[in-house]
Amino acid sequence: MRSKPAAVFMAFGTKGDIYPLAAIAAAFACDQEQYQVVFITHSAHENLMVHLRANKVTYIPVSSPPVVSPLEHYGKMELSFSAHKREIIQKHRYECTSIIEDIFGDSSVEGDVIAFNFFAL
């Protein structure tokens, strides 16, 4: 059972979508030391890990790409762009749900917070 409330910041998209919320998460962690602060984003943004760790923020990556291009080829069988995007979205949702369940478990602690960046979704 957790003893500290969790503050989870989730941001998805390109650097312009991610960096502002990463900065807010780091500032929050410095100001609100009673929280376990977690930042969830694409694994493509792992360069943020050092900065976040220095500010006592746990970085958790998800495997979905920040951008899906309709011009890419998706393996041997030609998948339509929309089918490939649906596949990515489904996997992304599953990963995010699993991460949130791991962080919060079956119980809540007074003060738990989740902040999302929906700009890129």
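Points to keep in mind about this one:
- Among the residues of segment 44-69, the ones that are among the charged types (D, E, K, R) and more than 14 Å from the chain's Cα centre (by Cα) come to 2 in all.
Table: residues versus (1) among the acidic types (Asp, Glu); (2) modelled with pLDDT of 85 or more; (3) within 15 Å of Ala115 (Cα to Cα).
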site: Met1; (1), (2), (3): no, no, no
site: Phe28; (1), (2), (3): no, yes, yes
site: Val57; (1), (2), (3): no, yes, yes
site: Ser63; (1), (2), (3): no, yes, no
site: Val67; (1), (2), (3): no, no, no
site: Lys76; (1), (2), (3): no, no, no
site: Glu87; (1), (2), (3): yes, yes, no
site: Lys91; (1), (2), (3): no, yes, no
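- Test: residue in segment 33-43 that is over 19 Å from Val113 (Cα atoms), surrounded by fewer than 14 Cβ atoms within 10 Å (Cβ to Cβ) and either more than 10 Å from the chain's Cα centre (by Cα) or of a type in the set (Phe, Trp, Tyr) (or both): no
- Extreme residue, surrounded by the most Cβ atoms within 10 Å (Cβ to Cβ), among residues of segment 1-32 that are within 23 Å of Ser98 (Cα to Cα) and of a type in the set (D, E, K, R): Asp17
- In this entry, Asp112 passes the filter for residues that are modelled with pLDDT of 90 or more and either out of contact with any helix residue (DSSP H, G or I) (no Cβ under 7 Å at 6 or more places or on another chain) or within 15 Å of Ala7 (Cα to Cα) (or both).
The values are calculated or read from the model by the stated rules, or taken from the named source; none is laboratory data. Because the structure is a prediction, the values reported are computed rather than measured. Please note: Cβ atoms are built from the backbone with ideal geometry, for glycine as well, and neighbour counts cover all protein chains shown.
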